[in-house]
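Below you'll find the structure, written out as structure tokens, and then a few comments.
The values are calculated or read from the model by the stated rules, or taken from the named source; none is laboratory data. Because the structure is predicted, anything quoted here is derived from the model rather than measured. Neighbour counts run over all protein chains shown; Cβ positions are idealised from the backbone, glycine included. Note: accessible area is taken over every heavy atom of the protein model, side chains too, but ligands, DNA and RNA are not part of it. Shrake-Rupley method; radii C 1.70, N 1.55, O 1.52, S 1.80 Å.
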Amino acid sequence: MLTRERYLDALEGDVAAMADHLTSGDLSAPVAGCPGWDLGDLGSHLGVTHRWATDALGSQTPPAEGSPPPRDELAAWFVDGADRLLGALRGTDPATECWGFGPKPCTAAFWVRRQALETAVHVWDAAIALDRPARVAADLAADGVEEVARVFYPRQVRLGRREPLAAPVVLRCTDVGCDVLLGEGEAVAAIEAAAEPLLLLVWGRHDLASLAADGARVTGDEAAVHSALSVPLTP
């Protein structure tokens with residue numbers, strides 16, 4: 001995991017980028033990473049999620065989800081919710097226990113990390129939708145890969161959305177020297193790529209073919225890798 005300040009700084013920067021996309025971009029632009037959504041839907045989702053996470057910081061039970069405003073108010077509403085989230089995250093002791101869907105006991109630190117990574121992926125989605133430069137920093141991307149393996153994959157299994165992996169796979173972020181084990185036991189294969197494309201792979205934004213074109217490679221049991229990726233690792 002990264003430092004609390006690194007997460008908060010990344011979140012603050014990505015909030016500004018998303019606000020710009022919502023203000024200056026075409027809200028009807030389709031978002032490839034979220035099939036069926038356009039940029040307005042993406043901004044609405046992220047704004048609702050920010051408010052939901054803010055409420056979770058002060059709750060021991062799952063908070064209710066709100067509703068977005070009309071689209072002509074979306075950008076200002078998004079900024080207001082993001083500012084509230086940043087204020088709450090900065091003002092809450094990271095050791096404070098609260099509701100969350102990660103490992104127990106859940107503390108405010110969970111939401112600092114989760115919202116930084118959630119926002120980073122969706123800002124990438126928005127930039128791609130608008131044909132603008134898109135990038136997730138390598139350290140943040142590698143941490144996001146670890147979050148998928150340690151938080152989201154076990155949750156998908158727990159919720160009955162996929163079966164546990166019979167053959168674990170290593171996710172190797174070659175640019176930051178980070179190995180993350182997906183599954184339990186001894187790995188039979190590895191996916192080797194830079195952290196950002198590897199993050200986008202496990203979040204369903206890239207496939208193995210597109211990674212291979214950028215120099216990524218699979219070592220070991222290729223069938224195990226395809227099995228690991230055949231059912232979503234994330235919601």
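Side notes on the structure shown:
- Scanning region 183-205 for residues that are open to solvent by 30 Å² or more (accessible area, probe 1.4 Å) and either in a strand (DSSP E or B) or closer than 20 Å to V151 by Cα (or both) gives E184, G185, E186, A187, E196, W203, G204, R205.
- Only residues that are open to solvent by less than 30 Å² (accessible area, probe 1.4 Å) and either β-branched (V, I, T) or in contact with a Pro (Cβ under 6 Å, 6 or more places away or on another chain) (or both) were counted in region 3-19, giving 1.
- Pairs, first under 25 Å from V121 (Cβ atoms) in region 220-235, second acidic (D, E) and exposed (fewer than 14 other Cβ atoms within 10 Å of the Cβ), C-beta under 9 Å, six or more apart: L229/D207; V231/E163
- On the stretch given as region 149-178, residues that are more than 27 Å from D139 (Cβ to Cβ) and among the small types (G, A, S) total 3.
- In region 122-137, the residues that are surrounded by 18 or more Cβ atoms within 10 Å (Cβ to Cβ) and in a helix (DSSP H, G or I): H122, V123, W124, D125, A126, A127, A129
- Scoring V145 on the criteria (1) open to solvent by less than 10 Å² (accessible area, probe 1.4 Å); (2) out of contact with any Phe, Trp or Tyr (no Cβ under 8 Å at 6 or more places or on another chain); (3) not in a helix (DSSP H, G or I) leaves a single failure, condition (3).
- Filtered residues of region 109-121 (kept if open to solvent by less than 20 Å² (accessible area, probe 1.4 Å) and under 22 Å from S44 (Cβ atoms)): W111, R114, Q115, A116, L117, T119, A120, V121
- Scanning region 52-100 for residues that are in a helix (DSSP H, G or I), open to solvent by 30 Å² or more (accessible area, probe 1.4 Å) and of a type in the set (G, A, S) gives A76, G87, G91.
- Residue match in region 202-210 (condition: in contact (Cβ under 8 Å) with a residue 24 or more places away in the chain and small (G, A, S)): yes
- Flag for P103 being in a loop (DSSP other than H, G, I, E, B), open to solvent by 50 Å² or more (accessible area, probe 1.4 Å) and in contact with a Lys or Arg (Cβ under 9 Å, 6 or more places away or on another chain): yes
- Across region 61-96, the number of residues qualifying as closer than 25 Å to T234 by Cβ and of a type outside the set (A, V, I, L, M, F, W, C) comes to 9.
- Counting the residues of region 149-177 that are without any contact (Cβ under 8 Å) to a residue 12 or more places away in the chain and either more than 21 Å from G100 (Cα to Cα) or assigned to a helix (DSSP H, G or I) (or both) gives 4.
- Residues in region 1-37 that are part of a loop (DSSP other than H, G, I, E, B), more than 18 Å from G91 (Cβ to Cβ) and free of Cβ contacts under 8 Å to residues at least 40 places away in the same chain: S28, P35, G36, W37.
- Restricted to region 32-47, and to residues there that are out of contact with any Phe, Trp or Tyr (no Cβ under 9 Å at 6 or more places or on another chain) and open to solvent by 20 Å² or more (accessible area, probe 1.4 Å), the residue that is nearest to S67 (Cα to Cα) is D41.
- Filtering L117, L181 for residues that are in contact (Cβ under 8 Å) with a residue 12 or more places away in the chain, of a type outside the set (G, A, S) and in contact with a strand residue (DSSP E or B) (Cβ under 7 Å, 6 or more places away or on another chain) leaves a single hit, L181.
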